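The values are calculated or read from the model by the stated rules, or taken from the named source; none is laboratory data. Remember, it's a predicted structure, so these values are computed and weren't measured experimentally. When we count neighbours, we look across all protein chains shown, and the Cβ atoms used for this are built from the backbone with ideal geometry, even at glycine. Just the protein is used for accessible areas: all its heavy atoms, side chains included, with ligands, DNA and RNA removed. Shrake-Rupley method; radii C 1.70, N 1.55, O 1.52, S 1.80 Å.
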Amino acid sequence: MTKAVVLFSGGLDSLLTVRILQAQGIEVIGLHLATPFQDPSPEAAQWAGKFGIEIVTRRFGREYLDMIANPRYGYGKALNPCIDCRIMMLRAAAELMSERGADFVATGEVAGQRPNSQKLHQLNLITRMSGLGGKLLRPLTAKTLPPTEMENSGLVDREKLFSYTGRSRTKLIRRAKADFGIHPIPQPSTGCLLAEKSFAPRLRDLLKRNPHPTLWDAEALRFGRHLWFDSRLKAVVSRREADGKQIVSHFHRSDRSPSILLTPENFMGPTVLLIASPDTEPFTDEDVALAGALLLRFSNPAKIARIGGPAEANLFRAPDAREVIQISPSGEAGRFRLIEEAACHCEPDGGAAETDSPEE
Ligand code: SF4
């Protein structure tokens, strides 16, 4: 039986690709790829269950960060190195193809659909650099491209492939519903933080200060407010309860960079993670005081006033090492600078970062 590996995100294009191949009697293995900035999609597993697709999930790690820091083909509108990323994905698919004895790789790419990676010359470049050559099939747009090995040999019936191009999805959606039983239609969101303009300043700042961040450093960018104090210290402050939980769980990872965690003890407020650059000394008492002042700065003053005594915080120098400390305001905390330029309320001299609404 002919077997194909399909890059399977769980979005409409990859799902339709799977269904087109299945309609030709081809067995499909869906390769579902996660990155430090894109989690596996629960929808992918749901569709796989519905249509009997075997899913193999793999996660890019360190090598993905190296690629992002220096992409050969540059970035899109945000900090999304889509061409390099697609090449990496296809190389992973080629590996799976040879591991599993599959005949070819297929993707849901459509010529001209995405400005950063699906112009015709970009598709050709991606094909060439992936090393797949004639073993890469794009069923949705195949009839606008030269026939592949699979079409020439009769392994795949070219007549049953398509010639979609451009950004409009109307015809794709109609076909997906009418001929391939896809309903409801998956949302087109990529779920990739790298494509979000508001995320780019955080990552750009991290790479500027640390060209070789660890996975832990990079994944810490996904939640909370990010503030830099100086070249040595950075803070992540939760905006809401879910952020706080993620920060605590991130601190519990064994691969964490030098960091301490502060949570309020006798009032409601945010969680503060203070991260030091790897080559520096352990945290000093001044650093701890600074983190405490920052915690107060992002807390609701009315709640602090109700304590009726000194504000206290739980200080964790390690996940299992808790001490309760008193914290107090300090003007130094005003030297923390919010990183997201778009949302930044810093004073013109780079001074105090005003809070958004204090955490409830
Ligand atoms: S949007 Fe993100 S996951 Fe998708 S190709 Fe671009 S960088 Fe890769």
Taking amide H positions as placed 1.01 Å from N in the peptide plane, with prolines and chain starts having none, which residues 5 or more places from residue 73, or on another chain, fall under 5 Å of its amide H?
84
For the chain, the per residue accessible area (1.4 Å probe, Å²) is 46
In sequence order, calculated HN-Hα J values of region 252-259 (Karplus, 6.51, -1.76, 1.60; Hz; x Gly/Pro)
6, 6, 6, 8, 5, 6, x, 7
At a probe size of 1.4 Å, how large is the accessible area of residue 19, to the nearest 10 Å²?
60
Between region 95-133 and region 23-42, the Cα center-to-center distance that results, in Å:
14
Going by a ≥ b ≥ c, the root eigenvalues of the Cα gyration tensor, does region 3-180 fall in the rounded group (a/c under 1.5), the prolate group (a/b larger than b/c) or the oblate group?
rounded
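Sum -39500 (n - 2.57) across every DSSP H segment of at least 4 residues in the chain, then divide by the residue count to get the 222 nm mean residue ellipticity, nearest 500. Intermediate values should be presented prior to the final figure.
Working: 12 runs with 120 residues, N = 360.
Computed ellipticity for the chain at 222 nm equals -10000 deg cm²/dmol.
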In degrees, nearest 10, range 0 to 90: what is the angle between the Cα axis of helix 120-130 and the longest Cα principal axis of the chain?
80
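What does the charge count around residue 143 come to, taking other residues whose C-beta lies under 11 Å from its C-beta (Lys +1, Arg +1, Asp -1, Glu -1)?
Working: positive: 138, 158, 160; negative: 151, 159.
Counting the neighbours of residue 143, the net charge comes to +1.
May I have the convex hull volume per residue, in Å³, for the Cα set of region 162-212? The partial results should precede the final answer.
Details: hull volume 7.3 nm³, N = 51.
Once divided by residue count, the hull of region 162-212 is 143 Å³.
What does DSSP give for the chain in terms of the percent of beta bridges that are antiparallel, rounded to the nearest 5? Mind dumping the intermediate values first?
Numbers: 27 of 44 bridges.
Of those bridges, close to 60 percent are antiparallel.
Quick check on the chain: what does the Kirkwood estimate of hydrodynamic radius come out to from the alpha carbon pairs, in Å?
Across the chain, the inverse of the average 1/r is 22.8 Å.
Carbon and sulfur atoms: what percent of the 1.4 Å accessible area of region 97-177 do they account for? Write out the running numbers ahead of the final one.
Numbers: 1950 of 3960 Å².
Here it works out to 49 percent.
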For residue 160, which lysines qualify as cross-link partners when the Cα separation must be under 18 Å and same-chain residues fewer than eight apart are set aside?
3, 135, 143, 171, 177
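Report the gain in length on full extension from residue 230 to residue 157: 0.36 nm times residue separation, minus Cα-Cα distance, nm rounded to one decimal.
Taking 0.36 nm per residue and subtracting the Cα distance, the gain is 20.2 nm.
Which value in Å is the Kirkwood Rh of region 108-261 over different Cα pairs?
After inverting the mean inverse Cα-Cα distance, the result is 19.5 Å.
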Taking the Cβ of residue 314 as the center, what net charge do the other residues with Cβ under 13 Å away carry, scoring Lys and Arg +1 and Asp and Glu -1?
-2
Report the local net charge at residue 15: Lys and Arg +1, Asp and Glu -1, summed over other residues whose C-beta lies under 15 Å from its C-beta.
+2
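If you average 1/r over every pair of different alpha-carbon atoms in region 198-343 and take one over that average, what Kirkwood value in Å do you get?
Values: mean 1/r = 0.0651 Å⁻¹.
Kirkwood hydrodynamic radius for region 198-343: 15.4 Å.
So if R0 is 45 Å, what FRET efficiency would residue 320 and residue 98 give, r being the distance between their Cβ atoms, rounded to the nearest 0.05? Before the final figure, lay out each step's value.
Numbers: r = 45 Å, r/R0 = 0.99.
Between residue 320 and residue 98 the formula returns 0.50.
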